[in-house]
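What follows is calculated from the coordinates using simple rules that are stated; it is not laboratory data. Note that the structure is a prediction, hence the values are computed from the model and not measured. Cβ placement follows ideal geometry from the backbone for every residue including glycine, while neighbour counts extend to all protein chains displayed.
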Amino acid sequence: MVIVAGHIVVKPDQRERYLAGCVSVVEQARRAPGCLDFSITADLIDPGRVNIFERWETHEAVTTFRGSGPSEEQGAEMLAASVAEYDIADVRSLT
């Protein structure tokens, strides 16, 4: 399993527009083969932070979906980013 997690920073007054532009990305990801979970969400405390969380069956599934990454428009709106990919060997349910 692969988890992609982190956050990006956009101008606070542009965050809602940025998130609206991500709706189709989330929809596509959730339909993609190997996607177990995918979300791009507004942070509850920081008005410029956008949280990223993805869970995939394999690294190949991530790579196939990711393609060239964010569009030029999305990339231009990002002031900073801290996102990493984690290979997971074992999972324990907390529920």
Enumerated strands (runs of 3 or more DSSP E) restricted to the stretch 1-61, each holding at least 2 residues that are more than 18 Å from residue 81 (Cβ to Cβ): 35-42, 49-56
Subset of the stretch 13-57 that is among the β-branched types (Val, Ile, Thr) and loosely packed, with under 12 Cβ neighbours inside 10 Å - its residue that is nearest to the chain's Cα centre (by Cα): 23
Matching residues in the stretch 12-26 - criterion: being of a type in the set (Asp, Glu) and touching a strand residue (DSSP E or B) at 6+ places or on another chain (Cβ under 9 Å): 16
